[in-house]
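A.B. asks: The structure is given below, and queries will be raised subsequently.
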Amino acid sequence: MKHLVLVVGVGRSGTSLLSGILGQLGFAIPQPEVQADDTNPRGFGEPRWVVDFHSRVLKDKRVTLNDSRPAAWDQMAMAAPKVHDELREWLRGELAQADAIVVKDPRTVWFLDVWRHCADELGARTSFVTMLRHPAEIVASARKSYGPGLTEAGRTAAWINVMLQTEHATRGTQRAFVSYYDLMDDWVPEIRRLGGAIDVPRLAEIGRVPEVDAFVDPSLHRNRTTWDNLDVPASVRDLAEQVWAHVQAGDEAALDADRVAYYALYSEAEAIAQCSIMAARPIRQVAAPAAPKSPPTLRVRVARRIPAPYRKRLRRLVGK
């Protein structure tokens with residue numbers, strides 16, 4: 001049976017590292033890939049088509065990659081039926097070329113159901129792999145890689161929102177959670193554990209591979225940050241730390257409670273920030289009143305009093 005592995009979770013959590021390792025171990029990464037840059041010198045392991053597809057749909061729904069709004073999930077759920085056929089046809093072509101493919105893009109979390117449905121229709125099984133890295137390090141890394149578009153508090157809230165939804169949406173599926181730190185420390189036992197979780201025997205029995213040893217570079221773990229170095233309110237920081245502990249423990253009941261707590265926290269923030277939202281809206285430009293028209297001349301006023309049929313005859317006579 002064909003196999004689709006989706007590497008999901010928050011960007012800057014080690015998703016590129018895992019995708020690259022799986023690519024080295026025989027999983028096909030659809031081509032062409034997003035080109036490496038200074039933020040990811042070993043490459044992103046992201047199919048260009050997937051990134052463009054996800055980005056276009058997100059933009060259309062005004063949802064961002066790191067969106068902290070709980071309501072954004074409903075917006076994207078409504079978009080899924082409209083893009084289903086397009087994704088299925090692309091995936092059909094990729095599965096025709098390889099028995100096992102890995103797709104990684106941080107935006108994938110917004111499209112989990114449609115990916116799973118398309119794979120099911122094409123007779124492929126789907127596995128989900130979520131990378132786990134401490135949120136403080138992710139926020140610090142994202143700040144350097146993505147720029148100042150979001151505050152550190154906003155990025156932390158987005159991490160909570162995306163991590164909670166990723167965990168909830170993949171329940172009951174074939175999934176695994178992979179520690180960024182364990183993967184960096186020694187990739188072999190972590191990949192073996194992953195292989196057992198997603199039922200890939202060749203990964204479960206993997207030994208050392210020189211190419212992967214060379215690919216995994218611990219020096220790229222450059223953001224070793226704690227909350228003390230970030231400007232994040234205590235309420236957001238504490239909830240993020242709580243979610244981090246619960247997702248590592250696999251405590252689904254606690255994570256459900258965390259979702260309720262986050263939605264309440266976000267609702268409170270929206271309720272008290274209305275003035276800021278209103279002030280950020282563009283000012284509507286009121287059109288200037290039209291200049292008053294000049295009064296009609298005496299000739300025009302006299303002409304208007306002549307019945308239309310006679311007016312036409314008069315014009316013909318004057319014209320002669």
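A.B. asks: With more than 16 Å from the chain's Cα centre (by Cα), buried (at least 19 other Cβ atoms within 10 Å of the Cβ), at pLDDT 95 or above and in a helix (DSSP H, G or I) as the only criterion, which of ALA140, ALA158, ALA119 stands out?
C.D. replies: Checking each option against the conditions leaves just ALA119.
A.B. asks: If you take the residues of region 213-243 that are of a type in the set (Val, Ile, Thr) and modelled with pLDDT of 95 or more, which of them is nearest to GLY23 (Cα to Cα)?
C.D. replies: Step by step, filter region 213-243, then rank; the result is VAL243.
A.B. asks: Select from region 198-238 the residues that are within 26 Å of GLY43 (Cα to Cα) and either assigned to a helix (DSSP H, G or I) or aromatic (Phe, Trp, Tyr) (or both) and list them in ascending order.
C.D. replies: Answer for region 198-238, where residues must be within 26 Å of GLY43 (Cα to Cα) and either assigned to a helix (DSSP H, G or I) or aromatic (Phe, Trp, Tyr) (or both): ARG202, LEU203, ALA204, PRO210, GLU211, VAL212, ASP213, ALA214, PHE215, PRO218, SER219, LEU220.
A.B. asks: Give me a count of the residues in region 40-73 that are in a loop (DSSP other than H, G, I, E, B), of a type outside the set (Gly, Ala, Ser), farther than 20 Å from ILE160 by Cβ and out of contact with any Lys or Arg (no Cβ under 7 Å at 6 or more places or on another chain).
C.D. replies: Selection size over region 40-73: 5.
A.B. asks: How do the pairs read when you match residues in region 28-39 that are under 16 Å from VAL7 (Cα atoms) and touching a residue at least 12 places away in the same chain (Cβ under 8 Å) with residues anywhere that are exposed (fewer than 13 other Cβ atoms within 10 Å of the Cβ) and aromatic (Phe, Trp, Tyr), using Cβ under 7 Å and keeping only pairs 6 or more apart or on different chains?
C.D. replies: Sorted first by the residue in region 28-39, then by its partner, the list stays empty.
A.B. asks: A follow-up question, please. Six or more apart or on different chains, Cβ under 7 Å: which pairs go from a residue in region 43-55 that's of a type in the set (Lys, Arg) to one that's part of a loop (DSSP other than H, G, I, E, B)? Could you list them?
C.D. replies: Here the result reads ARG48/PRO32; ARG48/VAL34, each pair linking region 43-55 to a residue that is part of a loop (DSSP other than H, G, I, E, B).
A.B. asks: Out of MET76, MET131, report the one residue that is under 16 Å from the mean Cα position of the chain (by Cα), part of a helix (DSSP H, G or I) and crowded, with 16+ Cβ neighbours inside 10 Å.
C.D. replies: MET76
A.B. asks: If you don't mind, there's one more thing I want to ask. In region 1-39, which residues are part of a helix (DSSP H, G or I) and either touching a helix residue (DSSP H, G or I) at 6+ places or on another chain (Cβ under 9 Å) or over 28 Å from ASN161 (Cα atoms) (or both)?
C.D. replies: Passing the criteria: THR15, LEU17, LEU18, GLY20, ILE21, LEU22, GLY23, GLN24.
A.B. asks: Out of curiosity, is ARG171 outside any helix (DSSP H, G or I), surrounded by 17 or more Cβ atoms within 10 Å (Cβ to Cβ), charged (D, E, K, R) and modelled with pLDDT of 95 or more?
C.D. replies: So ARG171 fails the test.
Conditions (1) surrounded by 10 or more Cβ atoms within 10 Å (Cβ to Cβ); (2) closer than 30 Å to VAL232 by Cα; (3) at pLDDT below 65, marked per residue:
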{"position": "SER267", "(1), (2), (3)": "yes, yes, no"}
{"position": "ALA271", "(1), (2), (3)": "no, yes, no"}
{"position": "CYS275", "(1), (2), (3)": "no, yes, no"}
{"position": "ALA280", "(1), (2), (3)": "no, yes, no"}
{"position": "VAL318", "(1), (2), (3)": "no, no, yes"}
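A.B. asks: To continue, here is another question. Just for region 143-155: of the residues that are in a helix (DSSP H, G or I) and over 19 Å from ASP238 (Cα atoms), which one is modelled with the highest pLDDT?
C.D. replies: Residue satisfying both the conditions and the ranking: ARG143.
The values are calculated or read from the model by the stated rules, or taken from the named source; none is laboratory data. These numbers were taken from a predicted model, which means no experiment stands behind them. Reconstructed Cβ throughout: ideal geometry from the backbone, glycine too, with neighbour counts over all protein chains shown.
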